[in-house]
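Asks: Would you mind keeping the following structure in view while I ask a few things?
The values are calculated or read from the model by the stated rules, or taken from the named source; none is laboratory data. Predicted model, so just to flag it, every value in this text is computed and none were measured. Here the Cβ is made from the backbone with ideal geometry for all residues, glycine too, and neighbour counts use every protein chain on show. Please note that ligands, DNA and RNA were not included when accessible areas were found on the heavy atoms of the full protein model with its side chains. Shrake-Rupley method; radii C 1.70, N 1.55, O 1.52, S 1.80 Å.
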Amino acid sequence: MMKSAASLLMALVVSSIASSPAFAAFKGSVEFTAAEIQGQNKNLNTIIQTASNCLEDHLEEHRRFFQRYGISAFYGDRSAFAKMSTAQKKAHIASLGKDPALLSQMKPTSCVGLTLTCLGKGFVNAGQAGTWKKIADFTKANDQDGTAMQDALRKLGWVVLYWNPDPTKNAVWDAREKAKDPQNKERFWGYHVYRYQTVTSAKQNYYFNAVNDIETLVGFKTSIPAKFANVPFYVGTAHTGYHVFPGSYGNVIEGHSTRSIDDPQTLESSEFNPLADGGGPRGTYRSGLIALPPGFGF
């Protein structure tokens, strides 16, 4: 009887550990050959400049379309609009006093979708489609988790930084998030105290990501390191991959998966400065990871 009770206790402990955010593991693995790494590095300028230009092109397309028609050229892929049938979408556009034929020019978007589209375009344009397929497949295998994308990029030589503008506020942020969503049904919690403990431990792990730099983007409050503005493209995540935000030259460009088509901020740009008024990533995102291309680490 004692043995049975001990076994039950052990099972409960193992179950608790397995469900803890500390022991999450990526599905599958991704590795790159020396030739693939060399190919990326040789064509790195094309990759990151193409990706940066792609972000700006999406933002400009959204702005022009919205200015002309009063709705966005993009719609959130998890929005109510996205779930409608084609006929329903056209009817909804008409209900806003717009031409239903505009639907043919509209495309879905999301935070991770925008990142995948633009970074993928960079790799493909640089002749590195095979390398990109590995990154995209690994990300897809992990439910389009941005931290999986960052893990793949790190193995290509990208530098992964932990970002947190003010670790002294970790407990406060955790309490606010738990009060807003006690059961974490939206998977929004940042686990700020816990993630800070693991990332500053000897292993320097955040979730299942190895982290290279735990100083440069930590404790800056609203004073962003000036050299961050020189990075032409980066991939950021917040709250354990809940949000993905690509960026360029110190700015964040975000696509939002749940916004309505008449929301002017379905795509938006802001300075990377989470605690500043008007800063990004937009919303109450307070810590996460940022992956910088090879040669752009600090």
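Asks: Do any residues in region 192-214 that are at positive phi have Cβ atoms under 7 Å from those of residues that are of a type outside the set (A, V, I, L, M), where the two are at least six apart or on different chains, and which pairs are they?
Replies: Qualifying pairs under 7 Å: Tyr207/Pro21; Tyr207/Thr147; Tyr207/Thr240.
Asks: Here is a follow-up. Filter region 225-267 down to residues that are open to solvent by less than 40 Å² (accessible area, probe 1.4 Å), touching a residue at least 40 places away in the same chain (Cβ under 8 Å) and over 17 Å from Leu119 (Cβ atoms), then give me how many there are.
Replies: Adding up the residues that qualify gives 10.
Asks: List every residue pair whose Cβ atoms lie under 8 Å apart, where the two residues are 6 or more positions apart in sequence or sit on different chains, the first residue falls within region 142-154 and is over 15 Å from His243 (Cβ atoms), and the second residue, located anywhere, is part of a helix (DSSP H, G or I) and of a type in the set (A, V, I, L, M, F, W, C).
Replies: Asn142/Ala148; Asp151/Phe138; Ala152/Ile135; Ala152/Phe138; Leu153/Ile135
Asks: Would it be correct to say that Ala22 is surrounded by 13 or more Cβ atoms within 10 Å (Cβ to Cβ), modelled with pLDDT under 95, in a helix (DSSP H, G or I) and touching a helix residue (DSSP H, G or I) at 6+ places or on another chain (Cβ under 7 Å)? Lay out the reasoning, then the answer.
Replies: On the way: surrounded by 13 or more Cβ atoms within 10 Å (Cβ to Cβ): yes; modelled with pLDDT under 95: yes; in a helix (DSSP H, G or I): yes; touching a helix residue (DSSP H, G or I) at 6+ places or on another chain (Cβ under 7 Å): yes.
It is true that Ala22 is surrounded by 13 or more Cβ atoms within 10 Å (Cβ to Cβ), modelled with pLDDT under 95, in a helix (DSSP H, G or I) and touching a helix residue (DSSP H, G or I) at 6+ places or on another chain (Cβ under 7 Å).
Asks: Sort out which residues of region 275-297 are in contact (Cβ under 8 Å) with a residue 60 or more places away in the chain and open to solvent by 10 Å² or more (accessible area, probe 1.4 Å), and write them in order of number. Spell out the reasoning first.
Replies: Our first condition is that a residue be in contact (Cβ under 8 Å) with a residue 60 or more places away in the chain; within region 275-297, this holds for 275, 284-297.
Leu275, Thr284, Tyr285, Arg286, Pro294, Gly295, Phe296, Gly297 - these are the residues of region 275-297 that are in contact (Cβ under 8 Å) with a residue 60 or more places away in the chain and open to solvent by 10 Å² or more (accessible area, probe 1.4 Å).
Asks: Could you please find all residues in region 165-223 being surrounded by fewer than 17 Cβ atoms within 10 Å (Cβ to Cβ), among the charged types (D, E, K, R) and not in a helix (DSSP H, G or I)?
Replies: Answer for region 165-223, where residues must be surrounded by fewer than 17 Cβ atoms within 10 Å (Cβ to Cβ), among the charged types (D, E, K, R) and not in a helix (DSSP H, G or I): Asp181, Lys185, Glu186, Arg187, Lys203, Glu215, Lys221.
Asks: Take the residues in region 153-164 that are open to solvent by 20 Å² or more (accessible area, probe 1.4 Å) and touching a strand residue (DSSP E or B) at 6+ places or on another chain (Cβ under 7 Å); name whichever of them is nearest to Ile214 (Cα to Cα).
Replies: Going residue by residue through region 153-164, those that are open to solvent by 20 Å² or more (accessible area, probe 1.4 Å) are 154-155, 157, 159.
Filter once more, keeping what is touching a strand residue (DSSP E or B) at 6+ places or on another chain (Cβ under 7 Å): 154, 159.
Details: Arg154: 15, Val159: 11 Å.
In this case the residue turns out to be Val159.
Asks: Also: Are any residues in region 137-164 part of a helix (DSSP H, G or I) and out of contact with any helix residue (DSSP H, G or I) (no Cβ under 6 Å at 6 or more places or on another chain), and if so, which ones?
Replies: Passing the criteria: Asp137, Lys140, Ala141, Thr147, Gln150, Asp151, Leu153, Arg154, Lys155.
Asks: Cys118 passes all but one of (1) touching a strand residue (DSSP E or B) at 6+ places or on another chain (Cβ under 9 Å); (2) free of Cβ contacts under 8 Å to residues at least 24 places away in the same chain; (3) closer than 25 Å to Ala210 by Cβ; which number fails?
Replies: (2)
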